[in-house]
Amino acid sequence: MSSYMQRHWNVLLARSSSSQRGKRRAYHGNLSTSTDMSPMKFEKIIGGKKDYVHVAALPCSYRGLFTTEEYGIEVGQRYAENVRNVIDKIHTQERQLAAFFAESMVSCGGQVLLPKGYLAQVYKYVRQAGGVCVADEVQTGFGRVGKHMWAFELQEDVCPDIVTIGKPMGNGHPVAAVVTTKEIARNFKGLGVSYFNTYGGNPVSMAIANAVLEVIEDEDLLTNADMVGRKLLDALQELKQRHPLIGDVRGVGFFIGVDLVKDRITKAPATEEAAYTIARMKQEGILLNAEGKYENVLKFKPPMVFNAENAESLVKKLDVILTEVENKKPCRESSTSSDSSSSDDGLVSTSSSN
Ligand SMILES: Cc1ncc(COP(=O)(O)O)c(C=O)c1O
């Protein structure tokens, strides 16, 4: 099943009602229908936000509207209430909720782990309002989180109505799929607009997708992601002790983010420093990306065969490069800098970098 089908079908399903929801800085695909619900894209287009799309706060416990620092274990509940408020607003506009779209861990938004209890509560609110819950597992699925095949399984008591899967499904080969309940599939069939795609379910793609599943199982790649991911996370935490440039290290399995800051107190994003680090890591043969609204979060999403030796070598190189950055431009451990300000979504920005 092609990714075109994945996108097209989702939106058809969602459009059977009149409102869609996304999350700040989310990305769900390239088609106009998926761009419509990807703030990362539509926020750059004048008039890009469609009136049937509603954006909830990015549930980032480190630099979002609600932080663990301030709200402790209640942070998931706070973000869930933010979603409930958005649903209330949809209703005051005399609209109905169609669907809630969210990645099970937010990739482009800055390698954000959903806070404890968030999805269970959000799904409850969405279903109470008659919406369906869509989990985008395009980046996070197929065992990347280590202990589970799907990242939504990290959240307690959660079962999405629709799951979209892609990227790792073919290990480079273009194949994607939508998984849903019998009830939703029957409703879709009932619309009478049957889905057809020339390449959907073609034997070559299916053989490749099956082979990927077999390798994941035979080589126990979930355990590898879990164990090597832990090592990598621990080593990055240790780097944080020595590098003031690192504000936060977060992640699970092979889905890790390192949030670079100019200042640990203001959390002013170290965007240029991230770009420099990525360019230097590339010279060392390691490809990283910068994620988040400020493109200051180093994204670690290594291949599933990444091993302990690879992790060690990566961290050594990063250590050297972060030292280089810090020697060029000192980062402060703490400060009461007056040139920082809080934006409407609780993110901290500085006049110099933004
Ligand atoms: C989270 C997420 N969802 C959806 C997509 C779109 O997938 P595709 O490129 O297969 O249409 C992407 C692609 O990068 C993605 O990262």
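The values are calculated or read from the model by the stated rules, or taken from the named source; none is laboratory data. Predicted, not measured: the structure shown is a model, and the values here were computed from it. Virtual Cβ from ideal backbone geometry, glycine too; neighbours counted across all protein chains shown.
Yes or no, residue by residue, for (1) at pLDDT below 95; (2) in contact with a Gly (Cβ under 8 Å, 6 or more places away or on another chain); (3) in a helix (DSSP H, G or I); (4) not assigned by the TED database to the domain that holds residue 227:
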position	(1), (2), (3), (4)
248	no, yes, no, no
256	no, yes, no, no
260	no, yes, no, no
287	no, no, no, no
309	no, no, yes, no
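Residue 164 meets all of the listed conditions (1) surrounded by 14 or more Cβ atoms within 10 Å (Cβ to Cβ); (2) within 16 Å of the ligand (Cβ to nearest atom); (3) in a loop (DSSP other than H, G, I, E, B); (4) touching a residue at least 60 places away in the same chain (Cβ under 8 Å) but one, namely (3).
Give me the strands (runs of 3 or more DSSP E) completely within region 1-105, filtered to those with at least 1 residues that are modelled with pLDDT of 85 or more, more than 24 Å from residue 291 (Cα to Cα) and more than 16 Å from the ligand (Cβ to nearest atom), ordered by residue number. Before you say what the answer is, go through the steps one by one.
On the way: elements: 19-23, 53-56, 97-103.
Ranges flagged: 97-103.
Condition check: touching a Phe, Trp or Tyr at 6+ places or on another chain (Cβ under 9 Å) and modelled with pLDDT of 95 or more. Does residue 271 satisfy that? It is true that residue 271 is touching a Phe, Trp or Tyr at 6+ places or on another chain (Cβ under 9 Å) and modelled with pLDDT of 95 or more. Considering region 106-134, the residues that are of a type in the set (Ser, Thr, Tyr) and more than 16 Å from the ligand (Cβ to nearest atom) include one that is nearest to residue 161 (Cα to Cα), namely 123.
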